[in-house]
Amino acid sequence: MANVAVVGAQWGDEGKGKIVDWLSSRADVVVRFQGGHNAGHTLVINGVEYKLSLLPSGVVRPGKLSVIGNGVVVDPWALLKEIEAIRSKGVEVTPETLVVAENATLILPVHGAVDRAREEARGASKIGTTGRGIGPAYEDKVARRAIRLCDLADPAVLDGKVEQMLFHHNALLRGFGAPEIEAADLLAQLREIAPRILPYAGVVWDRLDALRRQGKRILFEGAQGTMLDVDHGTYPFVTSSNTVAGNAATGSGMGPGAVGHVLGICKAYTTRVGSGPFPTEQVNDIGELLGARGKEFGVVTGRKRRCGWFDAVMVRQAVKVGGINGIALTKLDVLDGFAELKVCTGYRHEGRVLNHYPAGQTAQASVEPIYETFEGWSESTRGARSWADLPATAVKYVRRIEELIEAPVTLLSTSPERDDTILMHDPFED
Ligand code: IMP
């Protein structure tokens with residue numbers, strides 16, 4: 001039985017929540033492997049709404065093990081708050097149902113302070129981060145000064161590590177004219193939270209290895225999207241982790257062979273939150289209509305998402321760099337009623353035609369999309385549960401997308417409801 005990794009194939013917010021929820025009902029273990037509480041999705045199960053940021057989606061389903069891997073940056077206060085919030089809705093979360101990698105990096109209040117001070121200082125060139133300290137925490141990890149979950153159980157190193165970390169960050173905060181952080185205050189906060197968070201700490205790689213050998217189905221739940229990947233995305237307007245499926249292995253402590261089927265999620269159009277290039281963006285009535293129909297507001301920050309046409313060049317690139325085996329295409333119904341639709345099939349740049357998205361910042365901002373135009377459909381596709389329910393023009397649109405991105409559409413979602421999904425292929429049956 002294959003495992004499955006679910007990743008975003010655009011700029012995040014592709015509608016992963018619904019697909020991950022459907023898949024998590026069929027998995028035994030759900031693993032987050034990157035990102036932190038910058039992610040956000042809403043699950044509706046039996047009429048009850050759950051908002052998750054850091055917890056894996058399986059957490060709301062009894063009998064599943066939820067795992068936060070070493071590749072995630074964990075804000076312990078945010079995690080406990082989220083656990084409390086879903087407990088208040090009757091969901092049981094215990095160290096038996098949730099394990100956090102002991103070697104995961106912690107996000108501390110200083111990271112949020114640096115994240116926000118730096119964004120403010122960047123002015124017009126700001127990245128538009130979620131302000132949750134994600135970037136500064138990953139920076140500390142690679143700079144070898146991070147506090148990891150296991151350090152909370154090791155008083156012999158904690159004081160020294162906090163001193164060293166604050167030596168660096170207070171210099172930055174001073175430079176930004178922001179208040180500095182007192183080591184004694186931070187240590188007191190860490191000592192207070194340690195006994196509450198440490199019961200969840202575990203040896204994740206070992207647990208996952210054992211579960212894999214028992215034949216359990218593992219679902220790797222990616223956050224954000226390929227175009228926000230720190231290597232493959234629209235750098236520097238990206239998040240600070242690798243969002244591609246390759247990181248499911250590194251970020252959880254398994255080998256690449258354990259990742260299994262890679263399911264990429266993308267919308268039938270494109271959206272982005274935060275700053276950065278977006279070649280097919282429609283700053284006009286079309287963009288407004290897509291945003292209104294698709295209810296395009298961020299779950300974490302409430303920000304209005306930028307909207308535009310489907311970019312097949314970018315999704316094809318996501319398929320290639322992330323090893324995506326199949327695509328789940330979401331929100332097709334948002335396109336109902338458009339007289340015509342456009343899909344980007346290449347870019348024009350300095351008199352040449354490119355069939356890939358270039359890496360350079362100036363080129364990324366200045367490429368001009370080459371569009372193929374499609375006849376729209378007036379019928380509603382909302383709630384369609386089979387190909388036969390779709391208008392011929394909608395089928396043509398999806399089939400052409402498959403051709404352009406060089407990957408099959410194995411799942412098609414036609415409304416936020418879980419059952420309004422057309423399934424061509426079960427990724428766990430690979
Ligand atoms: P950070 O991850 O908070 O550092 O933000 C970096 C960029 O990633 C910003 O453009 C954010 O808007 C974007 N971003 C981070 N998390 C998400 C997400 O879950 N969905 C969509 N965009 C995200």
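Here are a few things to note about the model shown:
- Mean separation of Cα pairs under 8 Å and 6 or more residues apart, divided by the residue count, gives the chain a relative contact order of 20 percent.
- Amide H contacts for Lys267 (H built 1.01 Å from N in the peptide plane; partners 5 or more residues away or on another chain; cut-off under 5 Å): Thr330.
- A straight Cα-to-Cα reach below 28 Å connects Lys81 with the lysines Lys16, Lys18, Lys51, Lys64, Lys89, Lys141, Lys161, Lys295, Lys304, residues fewer than 8 places away in its own chain not being considered.
- Per-residue HN-Hα couplings for the stretch 195-211 [Karplus 6.51, -1.76, 1.60; θ = phi - 60°; Hz; x = Gly/Pro]: x, 8, 9, 4, x, 8, 6, x, 8, 4, 4, 6, 4, 5, 4, 5, 5
- By the beta-carbon count within 10 Å of each Cβ, the least crowded to most crowded order of Val99, Val203, Val67, fewest first, is Val203, Val99, Val67.
- Computed Rg/Rh of the chain, alpha carbon atoms with Kirkwood Rh: 0.97
- Only helices enter the 222 nm calculation for the chain: every DSSP H run of n ≥ 4 contributes -39,500 (n - 2.57), and dividing by all residues gives -9500 deg cm²/dmol, rounded to 500.
- Taking the chain as a Gaussian network of alpha-carbon nodes connected by springs under 10 Å, the highest mean-square fluctuation of the residues Thr362, Thr97, Thr129 belongs to Thr362.
- Residues Ser25, Ser386, Ser252, arranged from fewest to most other Cβ atoms within 10 angstrom of their Cβ, appear as Ser386, Ser25, Ser252.
- Bridge orientation summary for the chain: considering DSSP beta bridges with both residues in this region, about 45 percent are antiparallel.
- Taking a ≥ b ≥ c as the square roots of the eigenvalues of the Cα gyration tensor, the stretch 379-430 is oblate, since a/c reaches 1.5 or more and a/b is not larger than b/c.
- q = 0.11, 0.12, 0.20 Å⁻¹: log10 I(q)/I(0) that the Debye formula gives for the stretch 106-197, counting C-alpha atoms only: -0.31, -0.37, -0.96
Each reported figure results from applying straightforward, stated rules to the coordinates on display, with no laboratory input. Bear in mind the structure is a predicted one, so any value in this text is a computation, not a measurement. Reconstructed Cβ throughout: ideal geometry from the backbone, glycine too, with neighbour counts over all protein chains shown.
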